[in-house]
Amino acid sequence: MHQARDFLRYDRALARGRPTGSGVIEGAARHLVADRLTITGSRWSVPGAEALLQLHAIISNGDFTAYRRCHVRQEHTRLHPRLDQAITA
């Protein structure tokens, strides 16, 4: 049976200066999840929590302006389809 170390090649990762621990992941989880979802008294549905986390990730990555432009464009297309895009019932 293979062990994780057989595939991860920690020696190569360390030689290249790559992180080998979970600190990076834990920091990201704390930044994206804990800081937003562990507010005292808050209750979250799964869809609501997912939406909040996705939006927070977009903002943290500096992509909010592009996301907003795309979202507005898609909503406009959905609400005001061209005549050749109209769905007939």
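Ile39 - would you say it is part of a helix (DSSP H, G or I) and open to solvent by 80 Å² or more (accessible area, probe 1.4 Å)?
So Ile39 fails the test.
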Candidate set: region 1-21, residues that are among the small types (Gly, Ala, Ser) and surrounded by fewer than 10 Cβ atoms within 10 Å (Cβ to Cβ); chosen: the one modelled with the highest pLDDT
Ala15
For region 43-89, which residues satisfy the criterion of being at pLDDT below 90, of a type in the set (Ser, Thr, Tyr) and surrounded by 11 or more Cβ atoms within 10 Å (Cβ to Cβ)?
Ser60
Does any residue in region 55-75 that is β-branched (Val, Ile, Thr) come within less than 6 Å, Cβ to Cβ, of a residue that is in a helix (DSSP H, G or I) six or more places away or on a different chain, and which pairs are these?
Ile58/Phe64; Ile58/Tyr67
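The values are calculated or read from the model by the stated rules, or taken from the named source; none is laboratory data. As the structure is a computational prediction, the values presented were derived from the model and not from experiment. FYI the Cβ positions are ideal-geometry reconstructions off the backbone, even for glycines, and counts take in every protein chain you see. The accessibility values were calculated without ligands, DNA or RNA, using every heavy atom of the protein model including side chains. Shrake-Rupley method; radii C 1.70, N 1.55, O 1.52, S 1.80 Å.
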